[in-house]
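The values are calculated or read from the model by the stated rules, or taken from the named source; none is laboratory data. None of the values given here were measured: they were computed from a predicted structure. Cβ placement follows ideal geometry from the backbone for every residue including glycine, while neighbour counts extend to all protein chains displayed. Surface areas here come from the heavy atoms of the whole protein model, side chains and all, with no ligands, DNA or RNA. Shrake-Rupley method; radii C 1.70, N 1.55, O 1.52, S 1.80 Å.
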Amino acid sequence: MVELDRIDHSIIRELQKNSRITVTELASRVGLSKTPCQVRMRRLEEQGYITGYTALVNQTKLGLSHIAFAQVTLNDTSSNALAAFNKAVKQISAVEQCHMIAGNFDYLLKVRTGDMAEYRQVLGEQISALPHVLQTSTFVVMENVKDAGI
């Protein structure tokens, strides 16, 4: 892999701000002409620095304004148990993010639902039923201050 330089980092930053930017505009912002900018973008994609392009959606307008973080502790942390949990948690659409944690619990889930009642149902019927779940603890978001890494 080629080491990233200042221009590569600038391309990534600009695409994070607006992935629909034209190559011509992107090239202008990072100080390149169009063709070298396209070549760098393609290289960044091929080498896995850029893994895709997506639309940021206003979840509140879609009726999904409730965010909670659930700490999950498992009763078994063997490789098979972790693999079973990982596979199953990916099937819960309300779970927006799932991170294995080094600490007093095993996983931290970001769960997005319409309201507390819906979250309670997801927690009770889906998250608690995941393989090897021993206990959960919930933290409700009062205000989303920063999101999407921008």
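The table for this structure:
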{"item": "Residue within segment 101-118 that is surrounded by fewer than 15 Cβ atoms within 10 Å (Cβ to Cβ) and within 30 Å of His9 (Cβ to Cβ) present", "result": "yes"}
{"item": "Tally of residues being under 18 Å from the mean Cα position of the chain (by Cα), over 17 Å from Thr73 (Cβ atoms) and not hydroxyl-bearing (Ser, Thr, Tyr) across segment 111-139", "result": "1"}
{"item": "Hits in segment 23-54 - residues which are modelled with pLDDT of 95 or more, open to solvent by 50 Å² or more (accessible area, probe 1.4 Å), in contact with a Lys or Arg (Cβ under 9 Å, 6 or more places away or on another chain) and outside any helix (DSSP H, G or I)", "result": "Tyr49"}
{"item": "Test: residue in segment 81-92 that is in contact (Cβ under 8 Å) with a residue 60 or more places away in the chain, under 19 Å from the mean Cα position of the chain (by Cα) and exposed (fewer than 15 other Cβ atoms within 10 Å of the Cβ)", "result": "no"}
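Let's see how each residue does on (1) touching a helix residue (DSSP H, G or I) at 6+ places or on another chain (Cβ under 7 Å); (2) without any contact (Cβ under 8 Å) to a residue 24 or more places away in the chain; (3) small (Gly, Ala, Ser):
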| residue | (1), (2), (3) |
| --- | --- |
| Asp8 | yes, no, no |
| Lys17 | no, no, no |
| Glu25 | no, yes, no |
| Thr54 | no, no, no |
| Thr60 | no, yes, no |
| Val95 | yes, no, no |
| Cys98 | yes, yes, no |
